[in-house]
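The values are calculated or read from the model by the stated rules, or taken from the named source; none is laboratory data. Note that this is a predicted model, so its numbers are computed, not measured. Using ideal geometry, Cβ is built from the backbone for each residue, glycine included, and neighbour counts are taken over all protein chains shown. These area figures cover heavy atoms from the full protein model, side chains too; ligands, DNA and RNA do not enter into them. Shrake-Rupley method; radii C 1.70, N 1.55, O 1.52, S 1.80 Å.
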Amino acid sequence: MTASRPLAALPPSNIAEPVLADVSKALRAAAAKEERGARPISRSIDLLRQADLLTDDGASDPARAARALMQVGAANLGVGRLFEGHVNALHLVRLYGTKVQKARVDRRIAEGALLGVWGADGAVPVTLDATGKHLQGGKCFASGLGTVTHALVTVDSGPEVRLALVDVTDAARSDLSAWDMQGMRATASGTYDFTGLSTAQVEWIGNPGDYLKEPHFVGGVWRIAALQAGATAGLLDGAAADLRMAGRMDAEAQKARLMSVLIQGWAGMALVERAADAAADRRIAQDDIVATSIAARLFTEEVGLDAIRAVEQSIGLRHFDTGSETGRMARDLAVYLRQAARDAFLQRAAQTALGEDGRIWGVFG
Ligand SMILES: Cc1cc2nc3c(=O)[nH]c(=O)nc-3n(C[C@H](O)[C@H](O)[C@H](O)COP(=O)(O)OP(=O)(O)OC[C@H]3O[C@@H](n4cnc5c(N)ncnc54)[C@H](O)[C@@H]3O)c2cc1C
């Protein structure tokens, strides 16, 4: 099944950057093979590199970065996940790295590097060992095993957390079997063991605690929201194409069901763009930036869930065939929507907007 027109479900804005239109088409065509392991995801990353998308950390025009993430997420969420990790890592290096480190990372990217941010600790968290000369512990859900070349790894936790830039190409330290999920299989997000790695092989980026500084930490979850919103649009687009081919898209019930969710999707995209813009606007209070980014993440999560339900009802049982395009997109989206600590995030946004000194207008005021 292929969409008869490109990205019909994206909103009527200038979201479709010309450079991304061709890339999106290729990414969409590759996604099923990547899920099956029949094509390495690195080839899709090469397409992003050739389109010059890996040199931008999104800081100069965050809304444009959000649109790029949405568009890549709509076409191929697995690739979008690796793209998002790279953009996030590059942003952190440019925020907290020294001049020399920034130049070195730029040079590595030009030579083919892909970055990632690996924060989720495995059974043994990553810390320095007793001698202070080696790392110990490992990371789980480490996206891009075998594709990410350099990861920003969190060492220790809490206010003393540090960012270590590490070459993560040692296959002997990776365990792909730890990622046996129903969706997002192409991202190869397994475990990586850092135990025994000499600190001589680590580049420390910034100072302890920098990683948690706002508005860049939670205030940056609009990037996740962008992928969620884009993947939701991509799923609805795929469903509409499928229904058109089956001669079922003209039914009033189908239009009403899918359009209602798409309208929510457009609202989510607008919120993502607003959150992205606000994150770079120094006139806005940090708490408001954070609350808006959280709102974008949680709203697009809900819309993603609604879209999955609507597509199941619209396509019917064929959606659950293992070879179904919409089935694959929904699997990927359902897994990706499971991001950390959703309820705590909701509480935090509520405290800002509705608490003692509540500011319900937030970044919209
Ligand atoms: C495709 C994919 C790729 C990823 N890649 C990376 C990566 O490259 N690097 C990386 O670091 N991470 C990565 N992650 C992991 C991500 O950072 C999160 O760790 C992960 O998504 C956590 O999801 P969760 O639903 O288990 O979250 P949880 O935070 O465990 O939430 C699950 C539920 O438990 C609730 N909950 C959480 N804490 C508590 C508590 N204390 N008490 C009561 N309830 C609680 C939550 O509100 C929620 O309802 C990836 C995730 C996905 C899906």
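Using a cutoff of 8 angstrom between alpha carbon atoms and counting only pairs six or more residues apart, the relative contact order for the range 250-353 works out to 34 percent. Highest average first, the peptides 101-113, 157-169, 183-195 ordered by how many other beta carbon atoms sit within 10 Å of their residues are 183-195, 157-169, 101-113. Across the range 109-247, Cα-Cα pairs farther apart than 22 Å form 47% of the total.
Could you tell me what fraction of 2.2 N^0.38 Å the Cα radius of gyration of the range 264-304 comes to, as a two-decimal ratio?
Ratio of Cα Rg to 2.2 N^0.38 Å: 1.12.
By the scheme Lys and Arg +1, Asp and Glu -1, what is the net charge of all other residues having a beta-carbon under 14 Å from that of GLY355?
Working: positive: ARG348, ARG359; negative: ASP287, ASP288, GLU356, ASP357.
Surrounding charge for GLY355 is -2.
Take the Cβ-Cβ distance between VAL124 and ASP250 as r, set R0 to 41 Å, and report the resulting FRET efficiency rounded to the nearest 0.05. Don't jump to the answer; show the numbers that get you there.
Details: r = 57 Å, r/R0 = 1.39.
According to the calculation, E is roughly 0.10.
Our helix-only sum for the chain, with -39,500 (n - 2.57) per DSSP H run of n ≥ 4 divided by its residues, gives a mean residue ellipticity at 222 nm of -17000 deg cm²/dmol.
Volume per residue of the convex hull around the Cα atoms, evaluated for the chain, comes out as 138 Å³.
In this simple spin-label approximation, ARG39 and LYS99 carry label points 7 Å from Cα along the Cα→Cβ vector, and these lie 4.4 nm apart. Converting phi to 3J(HN,Hα) with the Karplus coefficients 6.51, -1.76 and 1.60 and the offset θ = phi - 60°, the range 173-181 yields 8, 8, 10, 6, 5, 6, 10, 10, 9 Hz in sequence order, with x at every glycine or proline. Using a probe radius of 1.4 angstrom, the carbon and sulfur fraction of the accessible surface of the chain is 54%.
Which order do the peptides 239-251, 326-338 come out in when sorted by mean C-beta neighbours inside 10 angstrom, highest first?
Numbers: 239-251: 16.8, 326-338: 22.5.
Result, highest mean Cβ count within 10 Å first: 326-338, 239-251.
Rolling a 1.4 angstrom probe over the protein heavy atoms with all chains in place gives the chain an accessible area of 44 Å² per residue.
Mean separation of Cα pairs under 8 Å and 6 or more residues apart, divided by the residue count, gives the chain a relative contact order of 19 percent.
Here TRP179 sits with roughly 40 square angstrom of accessible surface, probe radius 1.4 Å.
Classification of the range 59-147 by its C-alpha gyration tensor yields an oblate form. The axis ratio a/c (a ≥ b ≥ c) is 1.5 or more, and b/c is at least a/b.
Local charge sum around THR191 (other residues, Cβ-Cβ under 14 Å, Lys/Arg +1, Asp/Glu -1)? Could the numbers behind the result be given before it?
On the way: positive: LYS139, ARG173; negative: ASP121, ASP170, ASP175, ASP180, ASP193.
Residues close to THR191 contribute a combined charge of -3.
Residues LEU305, LEU69, ordered by accessible area of protein heavy atoms at a 1.4 angstrom probe radius and largest first, appear as LEU305, LEU69.
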